[in-house]
Amino acid sequence: MYTIMGVTGQVGGAVARRLLAEGHRVRAVMRDERKADEWRARGAEVALADYRDAEALETAFAGSDGTFVMLPPLFYPEAGFPETHAFARAIGTALLAAGVPKFVALSSVGAHRDRGLGIIESLHIFERELGRLQMPGAFLRAAWIMENALWDIAPARERGAIAHSLYPLDRKIPMISTADIGAIAAGTLRQQWNGTRYLELEGPAAYSPADLAAALASLLNRDVRAEAIPRAEWADAFIRLGAPEDRLSGRLAMLDGFISGWIDFERTGTESLKGEVTLEEALKKLV
(Lines give C-alpha, C1' and ligand atoms only; values in the text may rest on other atoms or scores of the structure.)
Protein backbone atom coordinates (compact mmCIF):
# COMPACT_ATOMS: atom_id res chain seq x y z
CA MET A 1 0.00 0.00 0.00
CA TYR A 2 1.26 3.46 -0.93
CA THR A 3 0.44 6.73 0.79
CA ILE A 4 0.15 9.78 -1.45
CA MET A 5 0.11 13.42 -0.40
CA GLY A 6 -1.41 16.13 -2.57
CA VAL A 7 -4.07 13.97 -4.20
CA THR A 8 -6.46 16.90 -4.67
CA GLY A 9 -3.83 18.65 -6.81
CA GLN A 10 -2.54 17.80 -10.26
CA VAL A 11 0.67 15.94 -9.43
CA GLY A 12 -0.40 14.03 -6.33
CA GLY A 13 -3.64 13.14 -8.08
CA ALA A 14 -1.72 11.81 -11.07
CA VAL A 15 0.46 9.62 -8.83
CA ALA A 16 -2.55 8.18 -6.98
CA ARG A 17 -4.57 7.53 -10.15
CA ARG A 18 -1.64 5.74 -11.76
CA LEU A 19 -1.13 3.43 -8.79
CA LEU A 20 -4.85 2.68 -8.53
CA ALA A 21 -5.01 1.92 -12.25
CA GLU A 22 -2.17 -0.56 -11.78
CA GLY A 23 -4.12 -2.32 -9.03
CA HIS A 24 -2.19 -1.05 -6.02
CA ARG A 25 -3.77 -0.03 -2.72
CA VAL A 26 -3.56 3.72 -2.13
CA ARG A 27 -4.08 5.85 0.93
CA ALA A 28 -4.88 9.42 -0.12
CA VAL A 29 -3.80 12.17 2.25
CA MET A 30 -5.87 15.34 2.16
CA ARG A 31 -6.79 18.24 4.39
CA ASP A 32 -10.44 18.64 3.38
CA GLU A 33 -13.02 15.97 4.22
CA ARG A 34 -15.33 17.41 1.55
CA LYS A 35 -12.99 16.07 -1.14
CA ALA A 36 -12.78 12.56 0.31
CA ASP A 37 -15.77 10.96 -1.41
CA GLU A 38 -14.23 11.22 -4.87
CA TRP A 39 -11.17 9.26 -3.78
CA ARG A 40 -13.14 6.68 -1.82
CA ALA A 41 -15.19 6.13 -4.97
CA ARG A 42 -11.95 5.50 -6.85
CA GLY A 43 -11.07 2.79 -4.33
CA ALA A 44 -8.58 4.67 -2.18
CA GLU A 45 -8.41 4.86 1.58
CA VAL A 46 -8.52 8.42 2.89
CA ALA A 47 -6.45 9.97 5.68
CA LEU A 48 -7.07 13.53 6.83
CA ALA A 49 -3.99 15.47 7.89
CA ASP A 50 -2.72 19.02 7.86
CA TYR A 51 0.75 19.19 6.35
CA ARG A 52 2.11 20.79 9.54
CA ASP A 53 0.64 18.09 11.81
CA ALA A 54 3.38 15.49 12.29
CA GLU A 55 1.17 13.23 14.42
CA ALA A 56 -1.64 13.12 11.86
CA LEU A 57 0.86 12.55 9.06
CA GLU A 58 2.48 9.71 11.00
CA THR A 59 -0.91 8.02 11.23
CA ALA A 60 -1.43 8.53 7.50
CA PHE A 61 2.02 7.15 6.61
CA ALA A 62 1.91 4.13 8.95
CA GLY A 63 1.92 0.75 7.22
CA SER A 64 2.96 2.16 3.84
CA ASP A 65 5.28 0.35 1.47
CA GLY A 66 6.32 3.81 0.27
CA THR A 67 5.12 7.38 0.54
CA PHE A 68 4.90 10.22 -1.97
CA VAL A 69 5.43 13.55 -0.23
CA MET A 70 5.24 17.13 -1.45
CA LEU A 71 4.88 20.72 -0.34
CA PRO A 72 1.64 22.58 -0.92
CA PRO A 73 2.03 25.35 -3.54
CA LEU A 74 3.93 28.37 -2.18
CA PHE A 75 3.69 31.10 -4.80
CA TYR A 76 4.07 34.00 -2.36
CA PRO A 77 5.90 32.72 0.75
CA GLU A 78 6.95 34.77 3.73
CA ALA A 79 10.57 35.90 3.92
CA GLY A 80 12.83 33.08 5.05
CA PHE A 81 10.32 30.38 4.03
CA PRO A 82 8.95 29.64 7.53
CA GLU A 83 6.08 27.69 5.96
CA THR A 84 8.49 25.38 4.13
CA HIS A 85 10.53 24.72 7.27
CA ALA A 86 7.34 23.83 9.18
CA PHE A 87 6.11 21.49 6.43
CA ALA A 88 9.49 19.79 5.99
CA ARG A 89 9.91 19.31 9.73
CA ALA A 90 6.46 17.73 10.11
CA ILE A 91 6.80 15.49 7.05
CA GLY A 92 10.30 14.33 8.01
CA THR A 93 9.27 13.61 11.59
CA ALA A 94 6.25 11.64 10.39
CA LEU A 95 8.23 9.58 7.88
CA LEU A 96 10.68 8.46 10.55
CA ALA A 97 8.08 7.88 13.26
CA ALA A 98 5.90 5.82 10.91
CA GLY A 99 8.81 3.64 9.88
CA VAL A 100 8.20 4.20 6.18
CA PRO A 101 10.72 2.13 4.18
CA LYS A 102 11.19 4.78 1.46
CA PHE A 103 9.82 8.05 0.17
CA VAL A 104 9.55 9.85 -3.15
CA ALA A 105 9.39 13.65 -2.96
CA LEU A 106 8.32 16.17 -5.57
CA SER A 107 11.04 18.76 -6.19
CA SER A 108 11.98 21.06 -9.06
CA VAL A 109 14.53 21.73 -11.73
CA GLY A 110 17.22 23.94 -10.19
CA ALA A 111 16.67 22.75 -6.61
CA HIS A 112 20.32 21.69 -6.31
CA ARG A 113 21.27 25.39 -6.18
CA ASP A 114 21.19 27.30 -2.91
CA ARG A 115 20.57 30.80 -4.27
CA GLY A 116 19.03 32.66 -7.19
CA LEU A 117 15.97 30.43 -7.26
CA GLY A 118 13.18 32.65 -5.98
CA ILE A 119 10.29 30.52 -4.79
CA ILE A 120 12.06 27.33 -5.92
CA GLU A 121 14.32 27.86 -2.91
CA SER A 122 11.52 26.22 -0.91
CA LEU A 123 12.29 22.95 -2.73
CA HIS A 124 16.01 23.32 -2.10
CA ILE A 125 15.12 23.53 1.59
CA PHE A 126 12.78 20.54 1.26
CA GLU A 127 15.51 18.44 -0.35
CA ARG A 128 18.07 19.48 2.26
CA GLU A 129 15.83 18.68 5.22
CA LEU A 130 14.43 15.35 3.97
CA GLY A 131 17.84 14.38 2.60
CA ARG A 132 19.09 14.19 6.19
CA LEU A 133 16.74 11.32 6.98
CA GLN A 134 18.41 7.95 7.41
CA MET A 135 16.17 6.18 4.91
CA PRO A 136 15.95 5.68 1.14
CA GLY A 137 14.59 8.77 -0.59
CA ALA A 138 14.16 9.96 -4.16
CA PHE A 139 13.68 13.58 -5.20
CA LEU A 140 11.89 14.21 -8.49
CA ARG A 141 13.29 17.42 -9.96
CA ALA A 142 10.56 18.20 -12.45
CA ALA A 143 10.93 20.62 -15.35
CA TRP A 144 8.49 23.47 -16.01
CA ILE A 145 4.99 22.00 -15.74
CA MET A 146 3.06 21.96 -19.01
CA GLU A 147 -0.24 22.43 -17.20
CA ASN A 148 0.91 25.88 -16.07
CA ALA A 149 -0.55 26.88 -19.43
CA LEU A 150 -4.09 26.48 -18.04
CA TRP A 151 -4.24 30.25 -17.51
CA ASP A 152 -3.29 30.89 -21.15
CA ILE A 153 -6.30 29.14 -22.62
CA ALA A 154 -8.88 31.86 -21.98
CA PRO A 155 -6.84 34.75 -23.45
CA ALA A 156 -5.80 32.56 -26.37
CA ARG A 157 -9.44 31.75 -27.11
CA GLU A 158 -10.77 35.28 -26.49
CA ARG A 159 -8.14 37.51 -28.06
CA GLY A 160 -5.74 35.21 -29.90
CA ALA A 161 -2.75 36.06 -27.73
CA ILE A 162 -0.94 34.80 -24.64
CA ALA A 163 1.25 37.03 -22.49
CA HIS A 164 4.42 35.36 -21.25
CA SER A 165 7.24 36.23 -18.85
CA LEU A 166 9.73 33.77 -20.37
CA TYR A 167 11.69 35.11 -23.30
CA PRO A 168 13.03 35.23 -25.94
CA LEU A 169 9.68 33.85 -26.99
CA ASP A 170 11.33 31.25 -29.23
CA ARG A 171 13.72 29.97 -26.53
CA LYS A 172 12.93 26.38 -25.62
CA ILE A 173 13.12 25.03 -22.07
CA PRO A 174 12.45 21.55 -20.67
CA MET A 175 8.79 20.96 -19.80
CA ILE A 176 6.87 17.95 -18.51
CA SER A 177 3.24 16.99 -18.00
CA THR A 178 1.76 16.10 -14.63
CA ALA A 179 0.71 12.74 -16.10
CA ASP A 180 4.35 11.88 -16.80
CA ILE A 181 5.40 13.00 -13.32
CA GLY A 182 2.69 10.79 -11.87
CA ALA A 183 3.81 7.78 -13.92
CA ILE A 184 7.46 8.26 -12.98
CA ALA A 185 6.63 8.79 -9.30
CA ALA A 186 4.47 5.66 -9.24
CA GLY A 187 7.19 3.63 -10.92
CA THR A 188 9.83 4.92 -8.52
CA LEU A 189 7.72 4.04 -5.47
CA ARG A 190 7.65 0.43 -6.64
CA GLN A 191 11.46 0.26 -6.83
CA GLN A 192 13.97 -0.67 -4.12
CA TRP A 193 17.15 1.33 -3.52
CA ASN A 194 19.54 2.55 -0.84
CA GLY A 195 20.53 6.13 -0.08
CA THR A 196 19.28 9.27 -1.79
CA ARG A 197 18.46 9.61 -5.47
CA TYR A 198 17.90 12.72 -7.61
CA LEU A 199 15.78 12.20 -10.72
CA GLU A 200 15.60 14.99 -13.32
CA LEU A 201 12.31 14.79 -15.23
CA GLU A 202 11.42 16.33 -18.57
CA GLY A 203 9.04 15.64 -21.41
CA PRO A 204 9.85 14.22 -24.85
CA ALA A 205 10.94 17.66 -26.12
CA ALA A 206 11.68 21.19 -24.94
CA TYR A 207 9.20 23.95 -25.78
CA SER A 208 9.06 27.73 -26.00
CA PRO A 209 6.25 30.25 -25.45
CA ALA A 210 6.00 30.40 -29.24
CA ASP A 211 5.50 26.63 -29.31
CA LEU A 212 2.80 27.01 -26.68
CA ALA A 213 1.00 29.58 -28.81
CA ALA A 214 1.23 27.32 -31.85
CA ALA A 215 -0.15 24.35 -29.92
CA LEU A 216 -3.07 26.41 -28.63
CA ALA A 217 -3.72 27.72 -32.15
CA SER A 218 -3.99 24.15 -33.41
CA LEU A 219 -6.30 23.06 -30.60
CA LEU A 220 -8.52 26.16 -30.70
CA ASN A 221 -8.54 26.40 -34.49
CA ARG A 222 -7.62 30.07 -34.51
CA ASP A 223 -4.52 32.24 -34.75
CA VAL A 224 -2.69 32.62 -31.42
CA ARG A 225 0.47 34.65 -30.88
CA ALA A 226 2.84 34.88 -27.91
CA GLU A 227 3.55 38.31 -26.42
CA ALA A 228 6.38 39.08 -24.01
CA ILE A 229 5.50 40.90 -20.80
CA PRO A 230 8.27 43.50 -20.26
CA ARG A 231 10.28 42.89 -17.09
CA ALA A 232 9.22 46.27 -15.70
CA GLU A 233 5.55 45.21 -15.92
CA TRP A 234 5.82 41.82 -14.21
CA ALA A 235 4.98 43.06 -10.72
CA ASP A 236 1.88 44.95 -11.85
CA ALA A 237 0.72 41.93 -13.85
CA PHE A 238 0.90 39.65 -10.81
CA ILE A 239 -0.73 42.23 -8.56
CA ARG A 240 -3.67 42.48 -10.98
CA LEU A 241 -4.05 38.72 -10.56
CA GLY A 242 -4.27 39.11 -6.79
CA ALA A 243 -0.65 38.71 -5.69
CA PRO A 244 0.35 40.46 -2.44
CA GLU A 245 2.61 43.42 -3.21
CA ASP A 246 5.02 42.64 -0.35
CA ARG A 247 5.69 39.02 -1.43
CA LEU A 248 6.42 39.31 -5.13
CA SER A 249 10.21 39.08 -5.07
CA GLY A 250 10.37 35.28 -5.02
CA ARG A 251 8.11 34.87 -8.05
CA LEU A 252 10.07 37.47 -10.02
CA ALA A 253 13.44 35.97 -9.05
CA MET A 254 12.30 32.54 -10.23
CA LEU A 255 11.42 33.90 -13.66
CA ASP A 256 14.75 35.73 -13.83
CA GLY A 257 16.46 32.44 -13.04
CA PHE A 258 14.73 30.62 -15.89
CA ILE A 259 15.44 33.41 -18.38
CA SER A 260 19.13 33.59 -17.45
CA GLY A 261 19.55 29.82 -17.62
CA TRP A 262 20.59 29.67 -13.95
CA ILE A 263 17.61 27.43 -13.15
CA ASP A 264 18.40 24.28 -15.09
CA PHE A 265 19.13 20.62 -14.47
CA GLU A 266 22.26 19.61 -12.58
CA ARG A 267 22.94 16.66 -14.92
CA THR A 268 25.85 15.40 -12.78
CA GLY A 269 25.30 12.64 -10.25
CA THR A 270 21.60 12.51 -11.15
CA GLU A 271 19.26 10.29 -13.14
CA SER A 272 17.65 11.74 -16.27
CA LEU A 273 14.19 10.54 -17.28
CA LYS A 274 11.96 11.62 -20.15
CA GLY A 275 8.20 11.37 -20.23
CA GLU A 276 6.02 10.63 -23.25
CA VAL A 277 3.30 13.30 -23.21
CA THR A 278 3.75 16.12 -25.72
CA LEU A 279 2.78 19.71 -25.02
CA GLU A 280 -0.20 19.50 -27.39
CA GLU A 281 -1.43 16.29 -25.72
CA ALA A 282 -1.22 17.91 -22.28
CA LEU A 283 -3.03 21.04 -23.50
CA LYS A 284 -5.75 19.00 -25.19
CA LYS A 285 -6.88 17.73 -21.79
CA LEU A 286 -7.07 21.29 -20.47
CA VAL A 287 -8.91 22.67 -23.48
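Give me the percent of DSSP beta bridges within the chain that run antiparallel, rounded to the nearest 5.
The antiparallel fraction comes to roughly 5 percent.
Can you give the Kirkwood hydrodynamic radius for the range 102-233, in Å, rounded to one decimal and based on Cα pairs?
One decimal place: 16.5 Å for the Kirkwood radius.
For the chain, with all protein chains present and a 1.4 Å probe, just round the carbon and sulfur fraction of the accessible area to a whole percent.
48
Per residue, how much space in cubic angstrom lies within the convex hull of the C-alpha atoms of the range 160-210?
106
Assign unit charges at the C-beta atoms only (+1 for Lys and Arg, -1 for Asp and Glu), then state the dipole size of the chain relative to its Cα centre in Debye, rounded to the nearest 20.
420
The values are calculated or read from the model by the stated rules, or taken from the named source; none is laboratory data. All of these numbers come straight from a predicted model, not from anything done at the bench. In this analysis, Cβ positions are derived from the backbone assuming ideal geometry, glycine residues included, and neighbour counts consider all displayed protein chains. Just so you know, the surface numbers come from the protein's heavy atoms only, side chains and all, with ligands and any DNA or RNA stripped out. Shrake-Rupley method; radii C 1.70, N 1.55, O 1.52, S 1.80 Å.
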